[in-house]
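Scroll down for the structure; my scribbles are underneath it.
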Amino acid sequence: MSIKDNNKYMLKAIKMAEENFRSGNGGPFGAVVVRNGEIIAAAGNCVTSTNDPTAHAEVVAIREACKKLETFDLSGCEIFASCEPCPMCLGAILWSRIGKLYYAADRNDASRAGFDDELFYRELSLSNDERLLKPTQMLQEEAIKVFDKWIDTTDKIQY
(Lines give C-alpha, C1' and ligand atoms only; values in the text may rest on other atoms or scores of the structure.)
Protein backbone atom coordinates (compact mmCIF):
# COMPACT_ATOMS: atom_id res chain seq x y z
CA MET A 1 0.00 0.00 0.00
CA SER A 2 1.08 3.57 -0.57
CA ILE A 3 1.86 6.13 2.10
CA LYS A 4 -1.31 7.94 1.01
CA ASP A 5 -3.39 4.80 1.64
CA ASN A 6 -1.68 4.18 4.98
CA ASN A 7 -2.39 7.76 6.03
CA LYS A 8 -6.04 7.30 5.04
CA TYR A 9 -6.41 4.20 7.24
CA MET A 10 -4.57 5.77 10.15
CA LEU A 11 -6.68 8.92 9.93
CA LYS A 12 -9.78 6.70 10.04
CA ALA A 13 -8.48 5.02 13.21
CA ILE A 14 -7.74 8.41 14.77
CA LYS A 15 -11.16 9.78 13.76
CA MET A 16 -12.82 6.70 15.27
CA ALA A 17 -10.91 7.31 18.50
CA GLU A 18 -12.36 10.81 18.81
CA GLU A 19 -15.86 9.81 17.75
CA ASN A 20 -15.72 6.91 20.17
CA PHE A 21 -15.09 8.91 23.32
CA ARG A 22 -17.40 11.74 22.24
CA SER A 23 -20.24 9.23 21.80
CA GLY A 24 -19.65 7.86 25.30
CA ASN A 25 -18.83 4.44 23.91
CA GLY A 26 -15.43 4.19 25.60
CA GLY A 27 -11.93 5.55 25.63
CA PRO A 28 -10.17 7.56 22.91
CA PHE A 29 -8.90 4.62 20.89
CA GLY A 30 -9.67 3.39 17.38
CA ALA A 31 -8.41 0.57 15.18
CA VAL A 32 -8.83 -0.45 11.56
CA VAL A 33 -8.02 -3.86 10.03
CA VAL A 34 -7.17 -3.75 6.32
CA ARG A 35 -6.60 -6.51 3.77
CA ASN A 36 -5.60 -5.90 0.15
CA GLY A 37 -6.54 -2.23 0.40
CA GLU A 38 -10.01 -2.91 1.82
CA ILE A 39 -11.14 -2.05 5.33
CA ILE A 40 -12.30 -5.35 6.82
CA ALA A 41 -13.18 -4.00 10.27
CA ALA A 42 -13.05 -0.74 12.18
CA ALA A 43 -13.76 -0.33 15.86
CA GLY A 44 -13.46 1.93 18.84
CA ASN A 45 -12.75 1.06 22.43
CA CYS A 46 -15.95 -0.01 24.20
CA VAL A 47 -14.66 -1.06 27.62
CA THR A 48 -17.03 1.17 29.59
CA SER A 49 -20.12 0.75 27.41
CA THR A 50 -19.90 -3.05 27.45
CA ASN A 51 -18.36 -3.50 30.90
CA ASP A 52 -15.69 -5.61 29.20
CA PRO A 53 -12.08 -4.79 30.13
CA THR A 54 -10.88 -6.68 27.04
CA ALA A 55 -12.93 -4.57 24.61
CA HIS A 56 -10.02 -2.43 23.47
CA ALA A 57 -10.31 -1.06 19.94
CA GLU A 58 -7.72 -3.46 18.52
CA VAL A 59 -9.36 -6.52 20.09
CA VAL A 60 -12.83 -5.48 18.94
CA ALA A 61 -11.55 -4.81 15.40
CA ILE A 62 -9.80 -8.21 15.33
CA ARG A 63 -12.97 -9.95 16.52
CA GLU A 64 -15.02 -8.22 13.81
CA ALA A 65 -12.46 -9.00 11.10
CA CYS A 66 -12.33 -12.67 12.09
CA LYS A 67 -16.11 -12.87 12.06
CA LYS A 68 -16.35 -11.19 8.66
CA LEU A 69 -13.62 -13.33 7.11
CA GLU A 70 -14.76 -16.46 8.95
CA THR A 71 -11.26 -17.28 10.14
CA PHE A 72 -9.07 -16.87 13.19
CA ASP A 73 -6.01 -16.32 10.98
CA LEU A 74 -5.66 -12.75 9.76
CA SER A 75 -2.46 -13.35 7.80
CA GLY A 76 -2.28 -10.85 5.00
CA CYS A 77 -4.03 -8.19 7.06
CA GLU A 78 -2.65 -5.00 8.53
CA ILE A 79 -3.87 -3.12 11.59
CA PHE A 80 -3.88 0.63 12.09
CA ALA A 81 -4.26 1.71 15.72
CA SER A 82 -4.68 5.25 16.95
CA CYS A 83 -2.31 4.41 19.79
CA GLU A 84 0.51 1.96 20.46
CA PRO A 85 -1.18 -1.28 21.52
CA CYS A 86 -1.06 -2.34 25.15
CA PRO A 87 0.40 -5.78 25.93
CA MET A 88 -3.03 -7.44 25.74
CA CYS A 89 -3.74 -5.95 22.32
CA LEU A 90 -0.26 -6.75 21.06
CA GLY A 91 -0.86 -10.34 22.14
CA ALA A 92 -4.15 -10.41 20.23
CA ILE A 93 -2.47 -8.94 17.15
CA LEU A 94 0.26 -11.59 17.29
CA TRP A 95 -2.19 -14.45 17.91
CA SER A 96 -4.31 -13.32 14.96
CA ARG A 97 -1.24 -13.44 12.68
CA ILE A 98 -1.76 -9.89 11.43
CA GLY A 99 1.33 -9.13 9.35
CA LYS A 100 1.82 -5.41 9.92
CA LEU A 101 1.07 -3.01 12.75
CA TYR A 102 0.93 0.76 12.40
CA TYR A 103 0.19 3.09 15.33
CA ALA A 104 -0.05 6.84 15.85
CA ALA A 105 0.28 7.99 19.48
CA ASP A 106 2.68 6.03 21.67
CA ARG A 107 2.43 4.64 25.19
CA ASN A 108 3.82 7.88 26.67
CA ASP A 109 1.10 9.91 24.97
CA ALA A 110 -1.49 7.50 26.36
CA SER A 111 0.01 7.74 29.83
CA ARG A 112 -0.24 11.54 29.75
CA ALA A 113 -3.97 11.12 29.02
CA GLY A 114 -4.42 8.77 31.99
CA PHE A 115 -3.95 5.42 30.22
CA ASP A 116 -0.70 4.18 31.72
CA ASP A 117 0.26 0.65 30.67
CA GLU A 118 3.73 0.81 32.19
CA LEU A 119 2.69 -1.45 35.09
CA PHE A 120 1.73 -4.16 32.60
CA TYR A 121 4.97 -3.87 30.64
CA ARG A 122 6.95 -4.00 33.92
CA GLU A 123 4.98 -6.96 35.30
CA LEU A 124 5.57 -9.02 32.15
CA SER A 125 9.32 -8.62 32.56
CA LEU A 126 9.30 -9.94 36.15
CA SER A 127 9.45 -13.51 37.38
CA ASN A 128 6.21 -14.86 38.87
CA ASP A 129 7.41 -14.43 42.45
CA GLU A 130 8.27 -10.75 41.83
CA ARG A 131 4.87 -9.76 40.36
CA LEU A 132 2.16 -7.84 42.19
CA LEU A 133 -0.34 -10.57 41.31
CA LYS A 134 1.60 -13.66 42.31
CA PRO A 135 0.19 -16.69 40.49
CA THR A 136 -0.10 -20.07 42.17
CA GLN A 137 0.46 -23.09 39.97
CA MET A 138 -1.59 -26.16 40.80
CA LEU A 139 -2.67 -29.49 39.27
CA GLN A 140 0.02 -29.27 36.60
CA GLU A 141 0.08 -33.03 35.96
CA GLU A 142 -3.67 -33.10 35.29
CA ALA A 143 -3.35 -30.22 32.84
CA ILE A 144 -0.41 -31.88 31.09
CA LYS A 145 -2.60 -34.93 30.46
CA VAL A 146 -4.97 -32.71 28.45
CA PHE A 147 -2.04 -31.42 26.38
CA ASP A 148 -0.88 -34.99 25.83
CA LYS A 149 -4.33 -35.89 24.51
CA TRP A 150 -4.23 -32.83 22.25
CA ILE A 151 -0.84 -33.88 20.92
CA ASP A 152 -2.21 -37.35 20.12
CA THR A 153 -5.32 -36.00 18.39
CA THR A 154 -5.06 -36.23 14.62
CA ASP A 155 -8.16 -34.25 13.58
CA LYS A 156 -7.39 -30.99 15.43
CA ILE A 157 -7.30 -27.52 13.94
CA GLN A 158 -3.90 -25.98 14.59
CA TYR A 159 -3.65 -22.30 15.36
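When both residues are 6+ apart or on different chains and their Cβ atoms are under 8 Å apart, which pairs have a first residue that lies in the range 56-76 and is in contact (Cβ under 8 Å) with a residue 40 or more places away in the chain, and a second that is surrounded by fewer than 22 Cβ atoms within 10 Å (Cβ to Cβ) and assigned to a helix (DSSP H, G or I)?
The qualifying pairs are F72/C66; L74/C66.
Quick one: count up the residues across the range 104-118 that are under 17 Å from I79 (Cβ atoms) and either surrounded by fewer than 12 Cβ atoms within 10 Å (Cβ to Cβ) or modelled with pLDDT under 90 (or both).
Total satisfying the criteria: 1.
Could you list, in sequence order, the residues of the range 101-124 that are touching a strand residue (DSSP E or B) at 6+ places or on another chain (Cβ under 9 Å), of a type in the set (D, E) and assigned to a helix (DSSP H, G or I)?
D109 - this is the single residue of the range 101-124 that is touching a strand residue (DSSP E or B) at 6+ places or on another chain (Cβ under 9 Å), of a type in the set (D, E) and assigned to a helix (DSSP H, G or I).
Give me the residue from the range 11-44 that is touching a residue at least 60 places away in the same chain (Cβ under 8 Å) and open to solvent by less than 30 Å² (accessible area, probe 1.4 Å) and, out of that set, nearest to A92 (Cα to Cα).
Checking each candidate, the answer is V33.
Do we have any residue at all in the range 70-91 that's open to solvent by 30 Å² or more (accessible area, probe 1.4 Å) and over 17 Å from the mean Cα position of the chain (by Cα)?
Yes; the residues of the range 70-91 include at least one that is open to solvent by 30 Å² or more (accessible area, probe 1.4 Å) and over 17 Å from the mean Cα position of the chain (by Cα).
Would you confirm whether or not the range 1-8 contains a residue that is crowded, with 21+ Cβ neighbours inside 10 Å and not basic (K, R)?
no
Do the conditions hold for E118, that is, is it among the acidic types (D, E), in contact with a helix residue (DSSP H, G or I) (Cβ under 7 Å, 6 or more places away or on another chain) and farther than 18 Å from A17 by Cα?
So E118 fits the description; yes.
Could you list all residues from the range 125-159 that are of a type in the set (V, I, T), open to solvent by less than 100 Å² (accessible area, probe 1.4 Å) and either in contact with a strand residue (DSSP E or B) (Cβ under 7 Å, 6 or more places away or on another chain) or assigned to a helix (DSSP H, G or I) (or both)?
Residues satisfying the conditions are I144, V146.
Report yes if P53 is under 27 Å from F120 (Cα atoms), open to solvent by 60 Å² or more (accessible area, probe 1.4 Å), not in a helix (DSSP H, G or I) and not aromatic (F, W, Y), otherwise no.
Taking the combined requirement at face value, the residue satisfies it.
So M1 ticks every box in (1) under 18 Å from D116 (Cα atoms); (2) hydrophobic (A, V, I, L, M, F, W, C); (3) modelled with pLDDT under 95; (4) not in a helix (DSSP H, G or I) but one. Which box is left unticked?
M1 satisfies all of (1) under 18 Å from D116 (Cα atoms); (2) hydrophobic (A, V, I, L, M, F, W, C); (3) modelled with pLDDT under 95; (4) not in a helix (DSSP H, G or I) except (1).
The values are calculated or read from the model by the stated rules, or taken from the named source; none is laboratory data. Keep in mind that this is a model prediction, so the values were computed, not measured. Because the Cβ atoms are built from the backbone with ideal geometry, glycine has one as well, and the counts that use them run over all protein chains shown. Surface accessibility is based on the protein's heavy atoms, side chains included, excluding ligands, DNA and RNA. Shrake-Rupley method; radii C 1.70, N 1.55, O 1.52, S 1.80 Å.
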